[in-house]
Amino acid sequence: MKDKNIRRGGVGTVNEGLQEYAHRLRVMGQLSSAEYAELIRFRDGELLQLLCSYTEQIRKSRPDPSIMWVGTIDLTSYCKNNCYYCGMRRDNRFAERYRMSTEEVVACCLEGLEHGISCFLLQGGEDLWYTPDVVADMIWRICSLSEDVTVLLSLGEKSRAVYQKWRDAGATGYILCHQTANDSFYRKLHPAQMSLLRRKQCLWELKELGYLVGSGFMIGTPYQRVAELADEFAFLRQLAPDIMMVDTFLAANGTPFEQERNGMPDLTYLILSLLRLSFPDIYLPVSQTVELTDREGVLRGVQAGADMVLADLTPEPLRRKYHCFKGRLMRGQTGAGKLEKYRRSLQEAYYEIADIHRRIGQR
């Protein structure tokens with residue numbers, strides 16, 4: 001069957017064959033790339049509902065089925081790279097740039113602790129202003145706030161020595177999204193100076209250093225095909241990450257892809273459910289890009305199998321500077337001021353919320 005671009009793909013009805021694939025995935029925990037592709041290509045609401053019922057069975061079978069909050073802090077909107085899809089790309093003259101000081105970051109973490117959040121993700125562009133020593137000091141100061149604190153990082157490709165330094169300072173996890181396991185597709189999303197091989201090497205080094213390792217990819221980018229998306233599961237089975245981040249592509253002003261259509265949240269929910277069934281023990285956050293496009297994105301992401309909700313602790317004046325998305329998007333709906341609203345929403349749907357003393361760790 002001829003492949004089709006997933007950003008244009010049609011929606012089919014659930015048939016017995018797809019139900020068989022879904023059931024086998026629930027029982028066996030894996031499918032062939034061709035079978036994953038069939039589920040993606042012929043997805044519809046009924047299929048997603050079936051997959052979500054299976055992910056709920058997995059959640060309820062865990063010793064601790066609660067949903068964790070992770071406070072995200074966007075350190076900087078500067079980046080040395082020039083990725084074609086990212087609003088923070090080096091050559092984007094429309095991007096508003098900023099950097100946060102260590103004192104500002106620590107203040108954000110204190111606010112998170114006041115709201116019952118003890119796991120913090122420090123993320124940003126690859127900004128050389130943040131030297132290894134500056135970041136190490138930041139990590140140490142955050143970890144000193146409470147014995148319950150966990151620090152995750154997402155600061156791009158670094159040397160093994162830098163990763164070791166930050167691990168020694170107290171960082172527990174590191175998220176480095178590979179975006180695609182296909183080299184030719186990777187080159188369509190990144191300039192020639194960037195290498196998928198180097199990114200994969202960083203992921204393996206992070207595992208060797210004892211980090212909880214996170215990776216991820218986007219849904220609905222230009223040039224993405226169903227077959228390439230289905231092939232991600234084979235790479236993830238080799239990598240065996242602890243955390244998986246799935247982002248919905250959003251066109252950003254000032255990028256080569258600014259005229260492209262946004263990705264589809266419903267496809268993101270489907271991929272979340274396939275990831276949960278394929279990797280039952282993985283940490284699976286609800287991406288903030290889902291929140292930006294769907295008012296019910298947090299709840300729907302959890303229903304699809306996510307077990308972490310990202311709460312944006314970045315100061316309000318800086319949030320809109322971190323990305324340059326087009327159109328009217330709902331940035332910051334899970335900021336600190338909205339946490340109670342989302343807690344109530346999840347609790348009304350009978351989801352338990354983890355307390356502040358629960359720590360992220362190996363499963």
message = Could you tell me how many of the residues in the stretch 44-84 are part of a helix (DSSP H, G or I) and polar (S, T, N, Q)?
response = 5
inquiry  = If I go through the stretch 292-305 residue by residue, how many of them are touching a residue at least 60 places away in the same chain (Cβ under 8 Å) and not in a helix (DSSP H, G or I)?
reply    = 2
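Within the stretch 99-137, can you find the residues that are part of a loop (DSSP other than H, G, I, E, B) and closer than 23 Å to residue 245 by Cβ?
100, 115, 116, 117, 118, 124, 125, 126, 127, 130
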request  = Looking only at the stretch 121-129, decide whether some residue is touching a strand residue (DSSP E or B) at 6+ places or on another chain (Cβ under 9 Å), free of Cβ contacts under 8 Å to residues at least 60 places away in the same chain, among the aliphatic types (A, V, I, L, M) and within 22 Å of residue 316 (Cβ to Cβ).
outcome  = yes
ask   = Among 289, 248, which is the only one that is in contact with a Ser or Thr (Cβ under 6 Å, 6 or more places away or on another chain), farther than 26 Å from residue 21 by Cβ and β-branched (Val, Ile, Thr)?
value = 289
task = Within the stretch 86-97, identify whether any single residue is assigned to a loop (DSSP other than H, G, I, E, B), touching a Phe, Trp or Tyr at 6+ places or on another chain (Cβ under 6 Å), in contact (Cβ under 8 Å) with a residue 24 or more places away in the chain and of a type in the set (A, V, I, L, M, F, W, C), and answer yes or no.
result = no
ask   = Do any residues in the stretch 103-114 that are closer than 10 Å to residue 313 by Cα have Cβ atoms under 9 Å from those of residues that are assigned to a helix (DSSP H, G or I), where the two are at least six apart or on different chains, and which pairs are they?
value = 105/138; 105/141; 105/142; 108/336; 109/141; 109/142; 111/336; 112/336
inquiry  = Checking residue 310 against (1) in contact with a Pro (Cβ under 9 Å, 6 or more places away or on another chain); (2) in a helix (DSSP H, G or I); (3) not small (Gly, Ala, Ser), only one condition comes out false. Which one?
reply    = (2)
message = Quick check on the stretch 145-161: of everything there that is polar (S, T, N, Q) and out of contact with any helix residue (DSSP H, G or I) (no Cβ under 8 Å at 6 or more places or on another chain), which residue is farthest from residue 198 (Cα to Cα)?
response = 150
task = Test residue 280 against the stated conditions and say whether it is over 16 Å from the mean Cα position of the chain (by Cα) and not aromatic (Phe, Trp, Tyr).
result = yes
query = Which ones in the stretch 181-236 are of a type in the set (Val, Ile, Thr) and closer than 17 Å to residue 82 by Cβ?
reply = 221
request  = Could you please let me know if residue 314 is touching an Asp or Glu at 6+ places or on another chain (Cβ under 6 Å), at pLDDT 90 or above, over 20 Å from residue 65 (Cα atoms) and crowded, with 16+ Cβ neighbours inside 10 Å?
outcome  = yes
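The values are calculated or read from the model by the stated rules, or taken from the named source; none is laboratory data. Because the structure is predicted, anything quoted here is derived from the model rather than measured. Virtual Cβ from ideal backbone geometry, glycine too; neighbours counted across all protein chains shown.
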